[in-house]
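Notes follow once the structure below has been shown.
The values are calculated or read from the model by the stated rules, or taken from the named source; none is laboratory data. Keep in mind the model is a prediction, meaning the values are calculated, not measured. Cβ placement follows ideal geometry from the backbone for every residue including glycine, while neighbour counts extend to all protein chains displayed.
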Amino acid sequence: MNKHSKERTLVIIKPDGIQRALIGEIMLRYERLGLKLVGLKMVVPTVEQIEGHYTLDPNWMRVTGEKTIKSYRDRGLTPPSEDPLAITEVILKNLKKYMTAGPVIVMAWEGAHAVELVRKVTGGTEPRSAQVGTIRGDFVLDSYIMSDQDDRAVRNLIHASGSVPEAEMEIPHWFKKSELIDYKVTHEDIIYGKELEGILP
């Protein structure tokens with residue numbers, strides 16, 4: 001088995017993804033990559049769970065604020081504040097409201113380059129600018145302009161870990177070790193085997 005095959009990533013189908021009846025479609029996209037589902041649960045998150053999730057990385061508040069300021073400037077707009085932390089306080093407030101509005105599906109997926117490939121298939125954070133062929137690009141029409149005007153989080157169906165270290169923090173936040181299952185699926189031999197063997201009689 002290839003050493004890369006055990007990489008894991010966290011995916012959350014957000015309340016709007018469930019309300020849009022896209023659970024199966026979203027899971028299908030990741031399964032078709034060859035990834036293996038190793039953890040799955042439906043929960044109604046608490047405000048504390050969501051705040052804890054987004055602040056696992058101590059740099060998240062600053063980095064998110066800086067990215068938001070840059071995004072405003074790139075669009076020729078004036079940011080609502082020059083203070084990254086003040087901006088992220090508003091983002092976090094809106095995320096807590098959005099993510100606790102209803103049940104979410106929390107998943108752990110395993111496979112080679114899982115973090116990178118899930119992000120690629122999921123698409124960019126803003127659905128409006130996400131590539132056609134990605135989940136967000138194909139199924140969502142929301143934008144930063146609309147979410148800013150409504151003072152709410154952008155509705156983009158999914159959270160997906162942004163890096164391997166992020167996934168390694170996020171998975172234990174949502175899953176106990178006993179809730180993650182190690183098992184084999186038959187297609188792993190085709191994906192990870194050094195040689196394609198046992199196909200012909």
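Checking each residue in segment 143-153 for being touching a helix residue (DSSP H, G or I) at 6+ places or on another chain (Cβ under 6 Å) and either at pLDDT 95 or above or at positive phi (or both) picks out Arg152, Ala153.
Scanning segment 164-187 for residues that are surrounded by 14 or more Cβ atoms within 10 Å (Cβ to Cβ) and in contact with a helix residue (DSSP H, G or I) (Cβ under 7 Å, 6 or more places away or on another chain) yields Val164, Ala167, Glu170. Taken over segment 18-35, residues that are part of a helix (DSSP H, G or I), within 20 Å of Gly102 (Cβ to Cβ) and free of Cβ contacts under 8 Å to residues at least 12 places away in the same chain amount to 1. For Ile87, the conditions (1) at pLDDT below 95; (2) in contact with a His (Cβ under 8 Å, 6 or more places away or on another chain) all hold with the exception of (2).
Residues to consider are Lys97, Lys67; find the one that is more than 20 Å from Lys176 (Cβ to Cβ), out of contact with any Leu (no Cβ under 8 Å at 6 or more places or on another chain), assigned to a helix (DSSP H, G or I) and modelled with pLDDT of 95 or more.
Result: Lys97 is the single residue among Lys97, Lys67 that is more than 20 Å from Lys176 (Cβ to Cβ), out of contact with any Leu (no Cβ under 8 Å at 6 or more places or on another chain), assigned to a helix (DSSP H, G or I) and modelled with pLDDT of 95 or more.
In segment 57-76, the residue that is surrounded by the fewest Cβ atoms within 10 Å (Cβ to Cβ) out of those that are in contact with a helix residue (DSSP H, G or I) (Cβ under 8 Å, 6 or more places away or on another chain) and among the small types (Gly, Ala, Ser) is Ser71.
Might you check whether a residue that is surrounded by fewer than 18 Cβ atoms within 10 Å (Cβ to Cβ), under 25 Å from Val47 (Cα atoms), among the β-branched types (Val, Ile, Thr) and out of contact with any Gly (no Cβ under 7 Å at 6 or more places or on another chain) occurs anywhere in segment 77-86? Within segment 77-86, none of the residues are surrounded by fewer than 18 Cβ atoms within 10 Å (Cβ to Cβ), under 25 Å from Val47 (Cα atoms), among the β-branched types (Val, Ile, Thr) and out of contact with any Gly (no Cβ under 7 Å at 6 or more places or on another chain).
With respect to the conditions (1) within 21 Å of Asp16 (Cβ to Cβ); (2) not in a strand (DSSP E or B), Trp109 lacks only one, and its number is (2). Filtered by the rule that a residue be in contact with a helix residue (DSSP H, G or I) (Cβ under 8 Å, 6 or more places away or on another chain), charged (D, E, K, R) and closer than 18 Å to Ile23 by Cα, segment 132-142 gives a lone residue, Arg136. Is it the case that segment 36-48 has a residue that's part of a helix (DSSP H, G or I) and surrounded by fewer than 19 Cβ atoms within 10 Å (Cβ to Cβ)? Scanning segment 36-48, I find at least one residue that is part of a helix (DSSP H, G or I) and surrounded by fewer than 19 Cβ atoms within 10 Å (Cβ to Cβ), so the answer is yes. Between residues in segment 126-138 that are free of Cβ contacts under 8 Å to residues at least 40 places away in the same chain and assigned to a helix (DSSP H, G or I) and residues that are of a type in the set (A, V, I, L, M) and surrounded by 16 or more Cβ atoms within 10 Å (Cβ to Cβ), which pairs lie under 7 Å by C-beta distance while being six or more apart or on different chains? As it stands, the answer is Pro127/Val140; Arg136/Ala130; Arg136/Leu157; Gly137/Ala130, since those pairs meet every condition given.
Here Ile190 meets the list (1) crowded, with 16+ Cβ neighbours inside 10 Å; (2) in a helix (DSSP H, G or I) almost entirely, failing just condition (1).
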